[in-house]
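Before any comments, here is the structure.
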Amino acid sequence: MARDRLADAKDYYDVIVIGSGLAGLTGANNLAKAGRSVLLLEQHYNFGGMATWFKRPGGHIFDISLHGFPVGMIKSCRKYWTREIADSIVQLKGVRFDNPQFSLQTTFDRVDFTNKLVDHFGIEKQTVEDFFNASRAMDFYDDQAMTTRELFQKFFPGRSDVVRFLMEPIAYANGSTLDDPAITYGIVFSNFMSKGVYIFQGGTDKLIRMMKTELKVNGVDLRHSICVDKICTEDGQVTGVVANGTKIACGAVLSNANLKTTIEKMVGPEKFDDAFIKEAKAVRLNNSSCQVYMGIKKGETLDNIGDLLFTSVDPEFDSTRLCAKDVTSRTFSMYYPDIRPGSDRYAIVSSTNANWSDWATLSEQDYEKEKQHLIKTTLDALEKYIPGVRQKIDHVEASTPKTFEHYTMQAQGATFGTKFEGLQVSMDLPKQIEGLFHAGSVGIIMSGWLGAINYGVIVANEVDSFMLTKLQSQQQAAS
Amino acid sequence: MGDLNVKKVILEIISIVAPDADLSDVKTDVRLRDQLEMDSMDFLDIVMELRKRYKIEVPKEDYQMLASLDSCVEYLAPKFAALSPA
């Protein structure tokens, strides 16, 4: 019989956090620091959600989503985690593009992008400045009618090469397309352009270990391998959760599970207004991903060919083609030994965007065949940048939308959360059920490592405010 | 709590939420984000610190009242006054 991982849990917590993605972890830490008693429940045996890693025999270790985040992570980690975590963040300076339209290397910041757009693409400097300023000025309260396609059309009409240069990396960073609202592009693009791309030195495993230590210091009760079956409500208020058959009472729930799963499965659609459920059901999940993990033999080395390589043999950038199963656009994330100081190992992770529907219905046999095809075409593409790479690799495997769904329980393996409309539904949740909050990858702008951490803080503030009012009114009632 | 002390409390909180900000010469009538490189997350942190330290609640619609030091004092002084026993 499985051991009861909730045996010594308390009967009541101020807040129960469901899920330990970066938004859940950061929300939990913030609430504990504010003095709330917090229980964090994670279904997997590792904390971190999509911020995760895995090991394979032969000393291989692969990071799933570490590949690169904006400079804002340094400030957010220092404020919401620890100085030590923030101090481990370092810049990646070698970002390469290679496709039939152009081939170049950049530090991926505003200064260098401006130079490239002027010198390489021949755009007027003033147009570039205007574009950067327009992107940076966008915020959530703006008009959301303009699409990213229209934004590019306005500044760079007829320049599919410029669109590719500006859009392809962001499509990999947040799964957005040319038809999403321009602010989903502008906010994320500007975050990156502020000072370039950064990574956590030490790897995802070290980051999550440091976060766990900090959560324990702040008194969060951390439990893994526990699946939450139900969020209990009474008279439109959260009363607790049922996990492993045990009911635990709480003042508020902060769900870091998928937004739609939270509403439709954990709470139940009958507990909400019809109009709200209609809106929630209409929220589109974002696309998923495929990855190929390549481990380099011990003793082998790789030349530095850049840190992030955006490669493609497609003639032009195309949002639909980007998710297709026979996609040729892929990002290679190069992990040299300095990513884990003290290690002498190399690894390469190839990422492509993907559709759940292309993978979910395959027979077992076809699924395996398609995975092998993905591995073969990935290695073929890599051969151009690292000749003889097959001889250097002694471990290779692939993940698909089904793999992500299996490990994270994220509906349809959605690696970028929901489309834009998900943000409003996420924010409106507490208006439907008192004490029910959601933080996670929603609305494209709240996705990625930085978006998840900051959204975790924003919602933790709402939870904390709710708890203060609730506890004060209980005190008044008692006195 | 007098106006001077409210100002001191706010500056102390800013020094924690924006540790890189130079607070030696903050103009009281100029918007904080125009002189200190503060973003919306920093202002959210001020709201959280006020709640944690003094149980003072700043509702979302009043966030704009924290724009400058002067407006902070004007908005928060009555709230601080309400805390002290008469």
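Sequentially through the stretch A:315-323, phi angles give Karplus couplings (6.51, -1.76, 1.60; θ = phi - 60°) of x, 9, 6, 8, 4, 6, 4, 4, 9 Hz, Gly and Pro residues having no value and appearing as x.
Distance from the C-alpha centroid of the stretch A:449-466 to that of the stretch B:65-86: 25 Å, rounded to the whole angstrom.
What the phi angles of the stretch A:254-268 give under the Karplus curve with 6.51, -1.76 and 1.60, with θ = phi - 60°, is a coupling list of 10, 8, 9, 7, 3, 4, 5, 4, 4, 6, 7, 9, 7, 8, x Hz, glycine and proline written as x. A plus B alone minus the pair: what accessible area, both sides summed, probe 1.4 Å, in Å² to 100? When A and B are taken together, about 1300 Å² of accessible area is lost.
Counting other C-beta atoms within 10 Å, and keeping those with at most 12, which DSSP coil GluC sites (Glu not before Pro) do you find in the stretch A:63-164? Taking the stretch A:63-164 and a limit of 12 other Cβ atoms within 10 Å, the loop GluC sites (Glu not before Pro) found are A:124. Burial here means at least 30 square angstrom less accessible surface with every protein chain in place than with the chain by itself, probed at 1.4 Å; in the stretch B:47-80 the buried residues are B:48, B:51, B:52, B:55, B:57, B:60. Within the full protein context, the accessible area of residue A:222 is estimated at about 30 Å² for a probe radius of 1.4 Å. Could you calculate the FRET efficiency of residue B:8 with residue A:134 from 1/(1 + (r/R0)^6), where r is the beta carbon distance between them and R0 is 41 Å, rounded to 0.05? For residue B:8 and residue A:134, the calculated efficiency is 0.55. Compared with its chain on its own, the stretch B:18-43 contains the following residues whose accessible area drops by 40 Å² or more in the full protein assembly (probe 1.4 Å; ligands, DNA and RNA excluded): B:41.
For a paramagnetic label modelled at 7 Å from the Cα of residue A:153 toward its Cβ, which residues of the stretch A:174-206 fall within the zone defined by backbone nitrogen distances under 16 Å? Flagged as within label range: A:177-183. In this structure, the pairs whose alpha-carbon distance is over 31 Å, taken from A:33/B:7; A:212/A:265; A:216/B:8, are A:216/B:8. Loop-resident chymotrypsin sites (Phe, Trp or Tyr not before Pro) (DSSP state other than H, G, I, E or B) in the stretch A:361-465 with no more than 10 further Cβ atoms inside 10 Å of their Cβ are absent.
One chain, two ends: residue A:470 and residue A:124. Fully extended at 0.36 nm per residue, the span grows by 118.8 nm beyond their Cα-Cα distance. Backbone amide hydrogens, once placed in the peptide plane, bring residue A:354 within less than 5 Å of A:288, A:289, A:290, excluding anything fewer than 5 places away on its chain. For the protein assembly as shown, the Kirkwood hydrodynamic radius from C-alpha pairs, put into Stokes-Einstein at 37 °C and a viscosity of 0.692 mPa s, yields a diffusion coefficient of 131 µm² per second. Solvent-accessible surface (1.4 Å probe) assigned to residue A:261 amounts to roughly 30 Å².
Relative to the Cα centre, the charge distribution of the stretch A:324-441, modelled as +1 at Lys and Arg Cβ and -1 at Asp and Glu Cβ, gives a dipole magnitude of about 300 debye.
Counting only other residues whose beta carbon sits under 15 Å from that of residue A:360, what net charge do I get with K and R as +1, D and E as -1?
That works out to -3.
The calculated FRET efficiency for residue A:344 paired with residue A:273, based on their beta-carbon distance and R0 = 41 Å, is about 0.10.
Think of a 1.4 Å ball rolled over the protein heavy atoms: the stretch A:109-195 then has 43 Å² of accessible area per residue.
By definition, a body whose alpha carbon gyration tensor gives a ≥ b ≥ c is prolate when a/c is 1.5 or more and a/b is larger than b/c, and the stretch A:266-334 fits this prolate description. Here the stretch A:343-369 and the stretch B:1-48 have alpha carbon centers that stand 48 Å from each other. The alpha carbons of the stretch A:60-174 stretch over 46, 38, 24 Å along the principal axes, in descending order.
Determine the dipole magnitude for the stretch A:109-195: charges of +1 sit on the beta-carbon of Lys and Arg, -1 on that of Asp and Glu, nothing else is charged, the reference point is the Cα centre, and the result goes in debye to the nearest 20.
Using Cβ point charges on Lys, Arg, Asp and Glu, the stretch A:109-195 gives about 180 debye.
Protein heavy-atom surface of the stretch A:1-138, 1.4 angstrom probe: 49% of the accessible area is carbon and sulfur, with nucleic acids and ligands not counted.
Restricting to bridges with both residues inside the protein assembly as shown, how much of the DSSP beta-bridge set is antiparallel, in percent to the nearest 5? Taking every DSSP beta bridge within the protein assembly as shown, about 70 percent pair in antiparallel fashion.
In whole angstrom, the stretch A:109-195 maps to an equivalent ellipsoid with semi-axes of 19, 14, 13, each derived as √(5λ) from the alpha carbon gyration tensor and ordered largest first.
Rolling a 1.4 angstrom probe over the protein heavy atoms with all chains in place gives the stretch B:40-83 an accessible area of 45 Å² per residue. Amide H contacts of residue A:89 (H built 1.01 Å from N, in plane; Pro and chain starts excluded): A:201 sit under 5 Å, all sequence-distant by 5 or more or on other chains. Pairs of Cα atoms in the stretch A:234-311 fall into 10 Å distance bins, from 0 up to the last occupied one, in shares of 12, 30, 18, 13, 17, 9, 1 percent.
Distances between placed amide hydrogens fall under 5 Å for residue A:230 paired with A:242, all partners being 5 or more residues away or on another chain. The simple spin-label model puts a point 7 Å past each Cα toward its Cβ; for residue A:105 and residue A:303 those points are separated by 1.0 nm.
For chain A, complete DSSP H runs whose alpha carbons reach 27 Å or more along their own long axis and whose mean Kyte-Doolittle score is 0.0 or higher are A:448-478.
For residue A:369, a cut-off of 22 angstrom between C-alpha atoms picks up these lysines, skipping any fewer than 8 places away in its own chain: A:325, A:402. The lysines within cross-link reach of residue A:154, meaning a Cα-to-Cα straight distance under 20 Å and a gap of 8 or more places when in the same chain, are A:116, A:125. In sequence order, the stretch A:83-88 has phi-based couplings of 4, 4, 5, 4, 6, 8 Hz under the Karplus curve 6.51 cos²θ - 1.76 cosθ + 1.60, θ = phi - 60°, and Gly or Pro positions carry x.
The values are calculated or read from the model by the stated rules, or taken from the named source; none is laboratory data. This one's a predicted model, so the numbers in the text were calculated from it and none came from an experiment. Here Cβ is always computed from backbone atoms with ideal geometry, including for glycine, and neighbour counts include all displayed protein chains. All accessible areas refer to the heavy atoms of the entire protein, side chains included, with ligands and DNA or RNA removed. Shrake-Rupley method; radii C 1.70, N 1.55, O 1.52, S 1.80 Å.
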